[in-house]
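Some notes on the structure that comes next.
The values are calculated or read from the model by the stated rules, or taken from the named source; none is laboratory data. The structure displayed is predicted, hence computed values, not measured ones. Quick reminder, even Gly has a Cβ in these numbers, built from the backbone with ideal geometry, and neighbours come from all protein chains shown.
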Amino acid sequence: MNFNAHFDDISENYLFAEVANRTAKYTAAHPDKKILKLGIGDVTLPLAPAVIKAMHEAVDEMSQKQTFRGYGPYEGYDFLRESIKNYYKTFGVSVGMDEIFVSDGAKSDLGNMPDIFSVDDCVLVPDPVYPVYVDSNLMAGRKIIYANATAENGFLPMPDKKVKADIIYMCSPNNPTGAAYDKSQLKEWVDYANSLGAIILYDAAYECFISEERLARSIFQIEGARTCAIEFCSFSKIAGFTGTRCGYTVIPKELVRGGRSANKMWLRRQSTKFNGVPYIVQRGAAAVFTESGMSEINKNIQVYRRNAKLIAGAMEELGVFFTGGKNSPYIWLKCPDNMGSWQFFDYLLSNAQVVGTPGEGFGENGKGFFRLTAFGSEEVTAEAVGRIKNLLK
Ligand code: MLT
């Protein structure tokens, strides 16, 4: 018997597990200190009342013989897929219900999608980026090449025609840098992918933070994307579902390679390995797209936007280079005094008891950078910003 030796190619701990371990160690050694966490992008505001109401009603349905539900459809209930389809219409995108797959979150789908690709496919990943893309492909033994995202290109690498990739991961607004592609830049990526016959895996988990018309909410706003893109989205950030778990992935019918349909293969994969999201959770997710649901979640998003503005304003005042914070809940900053990412992590934790995420955990180009999240509560964010200002002034 042999374990998968490709696990030797990934770091011992998942990035956010490592941050949590180090924070727990510090907390144990300093039980008197109040730690403020702006590390993992975990939401802090409760679920919207419309969501809670829908979930309560669904619980009641589960208690009655006539309305009880067992296994649901592998691809999600029609009522939720219909709501998602209508949500896409609000930014001018038409998707078929049979192109939408409901899941327990974008992270799982992003990590599992490679099941339908050949192990010989070459994967292009921006650096720095959300570690799930890299780790899940390394685990499978796939070759990874990187597109450099640096301050010079605004953390938005563009296609290099000399590079031949099969699978291209993109995340916009980006985790961790907060940079977001505009529609013309995305068109270049779509044309590049179509010219190679490559597939773009487009992570749109943060689309609800986009506030400018020139930026894309969905890659399917771009002409030609239906023949080269799969889009991943989530209720986590838009509606506070990080603990409730629900997301969706859109796979156009046109996405066919070598006579094989990505849509059909994904349904085959999901029906083999996944038994759907609980009915109660899907009812809650559908309520997000009702009039009251949308107005309630928008109030929450405004709070996170204000937090982002507060953190970004502090960086400006301190003269610290940063990106993000505008169409994104993340602020990506250059560590002061040329500190390394983990060095700054320790410095901030020991001297201000504020936790952030070291940029180098997102890739080589993240070295010397640091990420703060705007998903903390208003009180914690304000206090953390005050402490950071005191420390770095
Ligand atoms: C992050 O902090 O990057 C995200 O919360 C991780 C995730 O969404 O899984």
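Data table
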quantity	calculated
Residue satisfying condition, being within 25 Å of residue 296 (Cβ to Cβ), surrounded by fewer than 19 Cβ atoms within 10 Å (Cβ to Cβ), out of contact with any strand residue (DSSP E or B) (no Cβ under 8 Å at 6 or more places or on another chain) and polar (S, T, N, Q), within set 112, 86	86
Segment 27-53 - residue that is outside any loop (DSSP other than H, G, I, E, B) and within 16 Å of the ligand (Cβ to nearest atom) and, of those, surrounded by the fewest Cβ atoms within 10 Å (Cβ to Cβ)	37
Subset tally (residues that are in contact with a Phe, Trp or Tyr (Cβ under 8 Å, 6 or more places away or on another chain) and away from the ligand (no atom under 16 Å from the Cβ)) for segment 178-198	3
Pair list, Cβ < 6 Å and 6+ apart or interchain, from segment 253-278 residues that are touching a residue at least 24 places away in the same chain (Cβ under 8 Å) to residues that are hydrophobic (A, V, I, L, M, F, W, C) and outside any helix (DSSP H, G or I)	262/251; 262/255; 263/251; 266/251; 277/102; 277/246
Residues within segment 350-367 that are under 21 Å from residue 128 (Cβ atoms) and in a helix (DSSP H, G or I), tallied	7
Subset of segment 106-155 [within 12 Å of the ligand (Cβ to nearest atom) and assigned to a loop (DSSP other than H, G, I, E, B)]	128, 129, 130
Condition met for residue 123 (more than 26 Å from residue 273 (Cα to Cα) and either among the hydrophobic types (A, V, I, L, M, F, W, C) or not assigned by TED's automatic domain parsing to the domain that holds residue 241 (or both))	no
Test result for residue 383, surrounded by fewer than 16 Cβ atoms within 10 Å (Cβ to Cβ) and either out of contact with any helix residue (DSSP H, G or I) (no Cβ under 6 Å at 6 or more places or on another chain) or without any contact (Cβ under 8 Å) to a residue 60 or more places away in the chain (or both)	no
Meets criteria (within 30 Å of residue 141 (Cβ to Cβ) and out of contact with any Leu (no Cβ under 8 Å at 6 or more places or on another chain)) for residue 21	yes
Subset of segment 210-234 [among the hydrophobic types (A, V, I, L, M, F, W, C), touching a strand residue (DSSP E or B) at 6+ places or on another chain (Cβ under 6 Å) and either within 16 Å of the ligand (Cβ to nearest atom) or over 21 Å from residue 326 (Cβ atoms) (or both)]	228, 229, 230, 232, 233
Residue that is farthest from the ligand (Cβ to nearest atom) [pool: residues in segment 239-254 that are buried (at least 23 other Cβ atoms within 10 Å of the Cβ) and not hydroxyl-bearing (Ser, Thr, Tyr)]	251
Unmet requirement for residue 88, which otherwise passes all of (1) within 16 Å of the ligand (Cβ to nearest atom); (2) within 27 Å of residue 288 (Cα to Cα); (3) part of a helix (DSSP H, G or I)	(1)
Scan of segment 261-279 for residues that are surrounded by fewer than 19 Cβ atoms within 10 Å (Cβ to Cβ) and not hydroxyl-bearing (Ser, Thr, Tyr), ordered by number	264, 265, 267, 268, 269, 273, 274, 275, 278
